[in-house]
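Each reported figure results from applying straightforward, stated rules to the coordinates on display, with no laboratory input. Predicted model, so just to flag it, every value in this text is computed and none were measured. Because the Cβ atoms are built from the backbone with ideal geometry, glycine has one as well, and the counts that use them run over all protein chains shown.
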Amino acid sequence: MDPNANLAEQREILGRMLHPESEHMDLGDCLRLAELAQAMDEWLSRQGFLPDDWSKGRFEWLCECGWHNSPESSHCERCDRRREVCDVCKKGE
């Protein structure tokens, strides 16, 4: 699944559904939006990457176990392994 394409399609459908001049919601749009939301949830639950628009400004770190951790955490949220920071990164802190 392409999370960027998924998010773009969700936004397009939402734009139609929430448009001020829209008098009714299309059942097909509602069903498609539900499918896209479910696909995105499954993707992210399996540690898929975030859509680009959702990850701007985030700098996650990847643990050896494969878990993506928040930039603030010093230990892996899955295996509790301590985050190792290289000397170059330490200088930038």
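Residues that are closer than 19 Å to Cys76 by Cα and assigned to a helix (DSSP H, G or I) were ranked within the stretch 35-54; the one that is farthest from the chain's Cα centre (by Cα) is Ser45. For Gly28, all conditions in the list (1) exposed (fewer than 11 other Cβ atoms within 10 Å of the Cβ); (2) in contact with a Lys or Arg (Cβ under 9 Å, 6 or more places away or on another chain); (3) not aromatic (Phe, Trp, Tyr) hold save one; what is the number of the exception? Gly28 satisfies all of (1) exposed (fewer than 11 other Cβ atoms within 10 Å of the Cβ); (2) in contact with a Lys or Arg (Cβ under 9 Å, 6 or more places away or on another chain); (3) not aromatic (Phe, Trp, Tyr) except (2).
Among the residues of the stretch 74-86, those identified as surrounded by 10 or more Cβ atoms within 10 Å (Cβ to Cβ), without any contact (Cβ under 8 Å) to a residue 12 or more places away in the chain and under 23 Å from Arg46 (Cβ atoms) are His75, Glu77.
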